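Read-outs: derived from the displayed coordinates by stated rules, not from any lab. What you see is a predicted model; the values in this text were computed from it and never measured. So basically every Cβ, Gly included, is an ideal-geometry build from the backbone, and we count neighbours across all protein chains shown.
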Amino acid sequence: MRRAGIFVALAVTAALSACVQTKQYADLEFTPPQGDYKLLVLRPDVTVGSLTTGGMVEPRADWTDQARASIIAALRAQQAARGGKVTIIEHRDELPGVTPEELADVERLNAAVDESIVEHKYLGDYLPTKRGNRLDWTLGEDAVRLGRKTGYDYALFLHGEDQVASGGRVALGVLGLAGCIVGFCAPNVGGAQQLDYASLVDLKTGDVVWFNVVLAGSQVPGIKFGDLRTPAGAAQMIDRLLGRMKPGEAVRRAATADAH
Amino acid sequence: MSGRCLELTRRSLLVGGAAAAASLHTGAARARIRPQDMVPLVGPGFKPTDKDEQGLWKDMDRAEEEIAGSNLVIDDPKLAGYLKSIIGTVGGPAAHDFRIYLLRVPDFNAMMFPSGFAVVFSGLLLRMRNEAQLAGVIAHESGHFLRRHMIRAWRDERRKTDLFAIGSMVAGIGGAGAGVYLGDYVQLAQLGTLLSLFSYSREMEAEADAMGVKLMEQNNYPPIELSNIWEQLIGEENASAYYRRKHRHKGGIFDTHPSDASRMVDLRADAEELTVPGKAYDAGRKRYLSTIAEIRPTLLDDQVKLNDPGASQYLIETLAQDGWNGLLRFYEGEVWRLRNVPGDQLRADQSYAAAVAYPDAPADAWRWHGIALMKQGRPAEAKAAFARYLTMKPNAPDAAWVRQTMG
């Protein structure tokens, strides 16, 4: 009887230790693009790997290809619904009028800025000059130049990494769960993990106007959170990441004031 | 219900594993890997067929794109062609599949990536005394690819971490069932796993050395030159450490590479075994020096500005074993001038004076020589030196100042 009780308690804990977190920030004056806008998506950076029994991530080429294709399809569908024209660039030499070096510079600058946003907005190293629920970063002149040369309104940078728990990892979790019977409870060895983030850059001002992170994971192997390889999983990822784009605080406040 | 955490702290790991570490470290010495046992495991046009290796290669696509387009790449078609021709010579069966990139990093290093592209740091070009040494390093890197080291290391690590995860889980459950705590043993097992990963990596480095020396010999490079590189590196590290009043790192159980000294000794034995008496070997010193002639001032400049006078001075003296010239004397002066301890001013001035005696003295040697002469109260000679500087470098950023100083 007592052991059955442990199992129930454990199942509850297991469910709780699995979650999807998302947190977005926007420029104060940000309004989500709507209607007739041109969006440039730069080399979606997607990797899918297998989580080995021992906890290493083994990159998988076939899964990565499937996930990239699914995500691009989901992204096109989602943006078409908003009315935007989307161009997705897979390689740096695919953008007419822009050299691969120029594009590489913008990408690297964005990577550095994204890192800084994650550091100071998400990881707790808050800056006194960038407090509150607002986003105050810019790529500056480089991004404006890219916009002028190409005629795009926005650039979207997308990153997704997914770890699928291997059979061995799931078995390890099951073993850990079985151990609860003798008092050694370790089902939470760490299972599937998905980390996605996206940043939207306004190519008229160069500012990063919107940023979002989705972290989905389970401490218990075997529990899944949308598999990026499948069209459904990819659509779910795009929806979690880009589907609920909120306007900036100033815009929202103005909207509330209007309503009153 | 009692739960135990599988996390291990670094501290407990080190304390718990000290005994095991000691016993491993005093174990039997590793046997030398013989060059004749090293046969390439891949053929021309190799493409991975296993899922894990395909994944590794896929991951490398973007890495290569990033490196190839990096601002650090030295964009010099002559040097790029030279490196490509060397890897095309000593690359074994994969010679024509390799890509090789030269990055401006003033450090002694070269590396091979799993999908067959190599990166060479500019600091390597500075340190190599002839083509044979450069070819030796490139052959060593090719050896990593030809012996499929990356995927073998990955599989080894995966297997060992798998075993450790299962082992510690079983130990936990078994221990809990029997009412004993096996955590200490789990910690020892983790240390053992870690140590065997490092030693596997050292074994692969030794394999690549053996493979590399064999490829050198097959292409008529004197095999002893690979061993000479390590002798030079040990000397450089000693000089650097001595100046900073520290001791050179001599190798330990957490090293991914065998110690420099053991590599030097093994490689010397390899070279003796492989060298065919009477065969004409060519170290290619002239070809090497003429190819890197244009970039050599930049290489020396980058090194001198690292603020590592011990290493810089040793390097310059090593290169000067093949003959002093104006460039090396000038940078010798720069090492002293930038170090700037009492007496260095005089040493620097002497080096600049020696530099301008050579026909290849760089313009800046004349500039600094002129400044030294001014300070010594020899304005006429200083004026001549400055004039020489301005002739060589008419658009020097400080031309106006120099003209004013000349009076």
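Per-residue mean of other chain beta-carbon atoms within 10 angstrom of the beta-carbon, peptide A:91-103? Before the final figure, lay out each step's value.
Values: counts 1, 2, 0, 0, 0, 0, 0, 0, 0, 3, 2, 0, 1.
Average neighbour count from other chains, rounded to a whole number: 1.
Under the definition of partner shielding as Cβ atoms of other protein chains within 10 Å of a residue Cβ, what is the mean value for peptide A:56-65?
On the way: counts 6, 1, 8, 10, 7, 11, 4, 3, 5, 1.
Rounded to a whole number, the mean comes out at 6.
Under the definition of Cα pairs under 8 Å and six or more residues apart, what whole-number percent is the relative contact order of region B:295-406?
18 percent.
Histogrammed with a bin width of 5 Å, the alpha carbon distances of region B:24-183 distribute as 2, 8, 13, 16, 15, 13, 10, 7, 5, 4, 3, 2, 1, 0, 0 percent, first bin at zero. Taken over the alpha carbons of region A:32-259 as equal point scatterers, the Debye sum produces base-10 log I(q)/I(0) values at 0.12 Å⁻¹ of -0.75. Shape class for region B:295-406, computed from the alpha carbon gyration tensor (a ≥ b ≥ c): prolate, with a/c not under 1.5 and a/b above b/c.
Among the residues of B:56-62, the average count of other protein chain beta-carbon atoms within 10 Å of the residue beta-carbon is 4. Residues whose amide H falls under 5 Å from that of B:LEU102, counting only those 5 or more places apart or on a different chain, are B:ILE74, B:VAL120, with hydrogens built in the peptide plane. If every alpha-carbon in region A:11-109 counts as one equal scatterer, what log10 I(q)/I(0) does Debye give at q = 0.13, 0.19, 0.20 1/Å? Debye output, listed in q order: -0.76, -1.21, -1.23. Counting only the Cα atoms, region A:139-180 fills a convex hull of 125 Å³ per residue.
Dividing the Cα radius of gyration by the Kirkwood radius, what Rg/Rh value follows for region B:85-178? Don't skip to the end; give the middle numbers.
Working: Rg = 19.9 Å, Rh = 15.5 Å.
So for region B:85-178, dividing Rg by the Kirkwood Rh gives 1.28.
Under 5 Å from the amide H of A:VAL41 lie the amide H atoms of A:THR87, A:ILE88, A:ILE89, A:LEU156, each residue being 5 or more positions distant or on a separate chain, with H modelled from the backbone and absent for Pro and chain starts.
Which order do peptides B:231-244, B:202-215, B:262-275 fall in by mean Cβ count within 10 Å, highest first? If you can, show how the numbers build up before the last one.
Details: B:231-244: 17.2, B:202-215: 23.9, B:262-275: 19.1.
Most protected by this proxy first, the peptides run B:202-215, B:262-275, B:231-244.
Neighbours of B:GLN404 by Cβ distance under 13 Å: Lys/Arg scored +1, Asp/Glu scored -1, total +1.
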